[in-house]
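The values are calculated or read from the model by the stated rules, or taken from the named source; none is laboratory data. All values derive from a computational prediction rather than experimental measurement. Counting neighbours? That spans all protein chains shown, and the Cβs are built from the backbone with ideal geometry, glycine included.
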Amino acid sequence: MKTVSYVLVISLLLLGSVSCGLTSRSSQKSSFRVGYDFSGVNKVAIVAIQGSLKSEAAKDQIAEFFTIELLEQGYAPVGRPQVRASLADPASESKGETQARLKDLATNEAAVEVGRMLKVPAVLTVNIPHFGEEITLTATMIDVEDGSILWLANGSGRGEGGFSGLFGFGGGSKGSRNDELLGGLMGDETNAAASEPLSVDEAKRAQRIVKSMCRSLPSKLAAEF
């Protein structure tokens with residue numbers, strides 16, 4: 001009878017921790033260049049997704065969330081896969097001279113140089129300082145002609161997964177202590193992690209943050225009508 005009671009108590013605690021884990025908090029700050037004529041910005045190349053997120057598949061998902069928002073605001077985005085394909089193309093202009101410097105696209109100068117190669121008026125870079133229980137993103141749109149910042153936004157959100165509060169098992173957060181423990185038991189999963197997409201919870205939280213950040217992005221739709 002005691003065993004049944006213990007199981008029932010643990011089950012109730014687990015349900016409580018799951019319900020608590022569904023809560024999330026988010027915030028965002030953003031600004032754009034006042035007085036700038038955004039009507040001339042038709043194409044925007046998403047050139048860099050940098051930071052703590054290591055999976056290329058996950059980075060592509062983050063880029064896709066920004067692609068959706070750019071499209072909804074009337075821009076013509078050049079996606080991250082297309083940018084990488086252009087940089088890897090031997091026929092790309094100045095590719096042989098710039099490939100070494102373009103491996104790290106974290107700097108505004110490198111991003112602008114990629115934009116000139118792609119012949120787009122603006123580029124977008126995304127930095128991800130934190131990606132776990134707390135997700136933090138910073139997006140910067142840069143004028144390719146003079147390297148000035150056109151739009152800058154920072155967004156963050158926190159949401160805990162299922163059993164983290166009770167037993168320390170994270171809700172799909174990458175780089176957690178549980179990943180380290182499992183890695184020690186199951187061997188090196190570095191290659192698998194490099195292609196691992198976002199979990200459903202991570203994708204939902206990240207997309208919410210991106211959508212909130214892009215609310216301040218100047219819309220081209222209003223200017224066209």
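Tell me, yes or no, whether region 37-45 has at least one residue that is at pLDDT 90 or above, within 20 Å of the chain's Cα centre (by Cα) and not charged (D, E, K, R).
Yes; the residues of region 37-45 include at least one that is at pLDDT 90 or above, within 20 Å of the chain's Cα centre (by Cα) and not charged (D, E, K, R).
So if I check each of Gly187, Gly161, Gly183, Gly157, which one is at pLDDT below 90, crowded, with 16+ Cβ neighbours inside 10 Å and either small (Gly, Ala, Ser) or touching a Leu at 6+ places or on another chain (Cβ under 6 Å) (or both)?
Working: Gly187 fails: crowded, with 16+ Cβ neighbours inside 10 Å; Gly183 fails: crowded, with 16+ Cβ neighbours inside 10 Å; Gly157 fails: at pLDDT below 90.
From the options Gly187, Gly161, Gly183, Gly157, the qualifying one is Gly161.
Filter region 46-62 for residues that are part of a helix (DSSP H, G or I) and either surrounded by 22 or more Cβ atoms within 10 Å (Cβ to Cβ) or free of Cβ contacts under 8 Å to residues at least 60 places away in the same chain (or both) and give the result.
Residues satisfying the conditions are Ala58, Lys59, Asp60, Ile62.
Pull out all pairs, ordered by first then second residue, where Cβ-Cβ is under 6 Å, the residues are six or more apart or on different chains, the first lies in region 112-138 and is aliphatic (A, V, I, L, M), and the second is surrounded by fewer than 18 Cβ atoms within 10 Å (Cβ to Cβ) and part of a strand (DSSP E or B).
Close Cβ pairs satisfying both conditions: Val120/Lys43.
From the list Val126, Val120, pick out the single residue that is outside any strand (DSSP E or B) and modelled with pLDDT of 95 or more.
Every option except Val120 fails the conditions.
Condition check ((1) touching a helix residue (DSSP H, G or I) at 6+ places or on another chain (Cβ under 9 Å); (2) part of a helix (DSSP H, G or I); (3) at pLDDT 65 or above; (4) surrounded by 18 or more Cβ atoms within 10 Å (Cβ to Cβ)) across all residues:
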{"position": "Asp179", "(1), (2), (3), (4)": "yes, yes, no, no"}
{"position": "Pro197", "(1), (2), (3), (4)": "yes, no, yes, no"}
{"position": "Ala206", "(1), (2), (3), (4)": "yes, yes, yes, yes"}
{"position": "Cys214", "(1), (2), (3), (4)": "yes, yes, yes, yes"}
{"position": "Pro218", "(1), (2), (3), (4)": "yes, no, yes, yes"}
{"position": "Ala223", "(1), (2), (3), (4)": "yes, yes, no, no"}
